[in-house]
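Data block below; observations after.
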Amino acid sequence: MFQSRYALVLVPTLLVAAACSRGPAAAGAAPAPAAADVPAVTPDAAARATNAAKGAFPPGWRFEAGTEATFAQNAMVVSVSRYASEAGVEIMKAGGNAVDAAVATGFALAVTSPSNGNIGGGGFMTIRLRDGRTATIDYREVAPAAATRDMYLDSTGKLTNKSTVGYLASGVPGAVAGMTEVLAKYGSMPLAKVMAPAIRLARDGFVADSNFTRGGACSRLIAQFGGKDLFCPGGNAVALGALFKQPDLARSLAAIADQGAKAFYEGWIADSLVAEQMRGGGIITKADLKNYKAVWRTPVEGTYRGYKVISMPPASSGGVTMIQTLNILENFAPLPPAGSAQYAHLVGEALRRSFIDRNAKLADPAFARVPMAELTSKDYARTLAMQVSKTMASKTPAFTPTVPESEQTTHYSVVDAMGNAVSTTTTLNGGYGSGVWVRGAGFFLNNEMDDFAAAPGQPNMFGLVQGEVNAIQPGKRMLSAMSPTIVVDPQGRLLMVTGAAGGPTIITATMEIILNVIEHGMTLADAMKAPRLHHQSLPDQLDYEQRGLRAEVVDSLKAMGHTLGTRTSLATANSILRVRGGWHGVAEPRSAGTSAVGY
Ligand code: DON
């Protein structure tokens, strides 16, 4: 049964911080024993980290606590693909900064991780420069001009699968505009130089690794469209260990490297993309491509126990929802230990409340008034925290809309030797997006249109319901959950770069990794391996990873009224943490082939 050893004391935030003996950065605390500074270096820190991990890792959990991270003294790239991480490091070793490296990694992912890395999709990037300046860029896809509110409904008003599969499912891609724009503003190298590794990987090929083959290359989805011959040679998937070349993609990348984003949005690549659309009734036009703009946005910032959290504002919900949840949790001093029923209950209840707001109120700010200041305020979080019972789960009101998400995106984290940091999440939405492959130009188009409320107020094809605020409108960005995040310690130093793939679980997993480090004092390796939880308000259930909670914890949560759901795996994160003398990089242990590379 639930034991209330940890009082849910509601006191003003600063007092909470000061009173929080577990938070390494308790305001005013003497030399902060931040996990980041002392991972397994001093006996105290090692013991604290080990204890936190021991409690959080139940018997039978798939990962071992206490393993090492990749250490590098100078710089680090963590992504789902070793080739892409190496591309970023190659650029930094050649004198590039973190932005140069992030762009190199992003283009390389489009080659070596085509299920999620892309030039036919979009993403979000959060940047923090060594002098403390921050920026975010939104290169999310937009609905084509000919998109209509009901374009995915059949004559009886039922949702079809056209928002997920095939020619109509794509938004106008933003990745090339975003990556070239960010390089022009904050990079130090020419585009051709940072794109060289990607072009080489596409032209000369790379050896198919477990990240590439895990992505389901030659799935039924791909085999329906133009990528069949390349991805299903002789009708079979490219074998692990085979050399895989993409000459069409190499030509596209070389054209972008030579002429910039114009080659993609106005040149022959645009012609190929539109010709491909016309083959199957797609609606993206040359005008849509020419009109596409990436948007610089003011980062959304919050604090948690004195640490600053910098993340992505709408059109992504990621930063707002994560900060809102952290603000709610901050009212509980200290949080119960990771792995306990009390902790899972509080995390679930906090997430429930912030997802209710997310699903009803967040959307592209060019089309909706988004109450950012209210949702991220400490006062509002306090009123929500006061509604949380310490013994009983609450219920999500039935009308609360929620969001459909599928399972393929990719996050990468970069720091350079100067202390600049870049956190990027990019996606085609589903694995290989819409499945449509642009013949002649060699890349997949996204199925991001499914992130809109294709049928506001009605369950969509996944049984989920979304709000009117996120309905389809021409030129509008569909609401995202991507949460590229950077954390700064109370002394103003870069601490963490993190983020994840996994639809709405992106927000939860990113937040939990941050909590594991700064609240529970885990090393980054343990923080990444610790079992994850998720609640998104509807369906009204607290999800946990299989064997990720002790049996007695599951019983306690049920007794408190939680409906529990299990998932085999929850989110794919890639993170970096500052440690004494350098950086720890940890690639997602739940996925094959992910890779932290540093020097
Ligand atoms: O933007 C979003 O929130 C979704 N399109 C992300 C999808 C996703 O993460 C699927 N991944 N693993």
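Only one of Ala338, Ala344, Ala360 is part of a helix (DSSP H, G or I) and over 30 Å from Ser163 (Cα atoms). Can you tell me which? From the options Ala338, Ala344, Ala360, the qualifying one is Ala344. Against the definition (more than 30 Å from Val207 (Cβ to Cβ), small (Gly, Ala, Ser) and modelled with pLDDT of 55 or more), how does Ala45 come out, yes or no? Yes. Scanning for something of a type in the set (Val, Ile, Thr) and outside any loop (DSSP other than H, G, I, E, B), does the range 119-132 turn up at least one residue? Yes, that holds for at least one residue.
Test Gly166 against the stated conditions and say whether it is under 23 Å from the mean Cα position of the chain (by Cα) and touching a residue at least 12 places away in the same chain (Cβ under 8 Å). When the stated conditions are applied, Gly166 does not pass them.
In the set (1) in a loop (DSSP other than H, G, I, E, B); (2) crowded, with 24+ Cβ neighbours inside 10 Å, the condition left unmet by Met449 is number (1).
Results for (1) within 30 Å of Gly121 (Cα to Cα); (2) in contact (Cβ under 8 Å) with a residue 60 or more places away in the chain, shown as yes or no for each residue.
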| site | (1), (2) |
| --- | --- |
| Gly348 | no, yes |
| Asp357 | yes, no |
| Leu362 | yes, yes |
| Thr383 | no, no |
| Val388 | no, yes |
| Lys395 | no, yes |
| Gln408 | yes, yes |
| Thr425 | yes, yes |
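In this structure, Arg578 does not qualify as closer than 26 Å to Leu494 by Cα and free of Cβ contacts under 8 Å to residues at least 40 places away in the same chain. Please enumerate the residues belonging to the range 397-429 that are more than 13 Å from the ligand (Cβ to nearest atom) and either at pLDDT below 85 or more than 18 Å from Ser85 (Cβ to Cβ) (or both). Once the filter is applied, which keeps residues that are more than 13 Å from the ligand (Cβ to nearest atom) and either at pLDDT below 85 or more than 18 Å from Ser85 (Cβ to Cβ) (or both), the range 397-429 yields Pro397, Ala398, Phe399, Thr400, Pro401, Met418, Gly419.
Looking across the range 225-283, the residues that are of a type in the set (Asp, Glu) and either assigned to a loop (DSSP other than H, G, I, E, B) or buried (at least 18 other Cβ atoms within 10 Å of the Cβ) (or both) come down to Asp248, Glu266, Glu276. Which pairs have Cβ atoms under 7 Å, sit 6 or more apart or on different chains, and link a residue in the range 532-545 that is assigned to a strand (DSSP E or B) to one that is of a type in the set (Lys, Arg)? From the range 532-545, the pairs are Asp543/Arg567; Glu545/Arg532; Glu545/Arg567. Among the residues making up the range 317-358, those that are of a type outside the set (A, V, I, L, M) and more than 21 Å from Leu564 (Cα to Cα) are Ser317, Gly318, Gly319, Thr321, Gln324, Asn327, Glu330, Asn331, Phe332, Pro334, Asp357, Arg358.
Within the range 304-314, can one find any residue that is out of contact with any Pro (no Cβ under 9 Å at 6 or more places or on another chain) and either in contact (Cβ under 8 Å) with a residue 60 or more places away in the chain or crowded, with 24+ Cβ neighbours inside 10 Å (or both)? Yes, there is a match, as at least one residue in the range 304-314 is out of contact with any Pro (no Cβ under 9 Å at 6 or more places or on another chain) and either in contact (Cβ under 8 Å) with a residue 60 or more places away in the chain or crowded, with 24+ Cβ neighbours inside 10 Å (or both). With respect to the stated conditions, His562 is away from the ligand (no atom under 15 Å from the Cβ), assigned to a loop (DSSP other than H, G, I, E, B) and crowded, with 17+ Cβ neighbours inside 10 Å. Among the residues of the range 478-511, the ones that are within 14 Å of the chain's Cα centre (by Cα) and within 16 Å of the ligand (Cβ to nearest atom) come to 21 in all. Residues of the range 323-332 include none that is closer than 26 Å to Gly120 by Cβ and assigned to a loop (DSSP other than H, G, I, E, B).
Look at the range 258-269: where a residue is on the phi > 0 side of the Ramachandran plot and a partner is in a helix (DSSP H, G or I), sitting 6+ places away or on another chain with Cβ atoms under 6 Å, you get Gly260/Thr180. Every test in (1) more than 16 Å from the ligand (Cβ to nearest atom); (2) buried (at least 18 other Cβ atoms within 10 Å of the Cβ); (3) at pLDDT below 95 is passed by Lys390 save one, and that test is (2).
The values are calculated or read from the model by the stated rules, or taken from the named source; none is laboratory data. Quick caveat: nothing in here was measured; it's all calculated off a predicted structure. Using ideal geometry, Cβ is built from the backbone for each residue, glycine included, and neighbour counts are taken over all protein chains shown.
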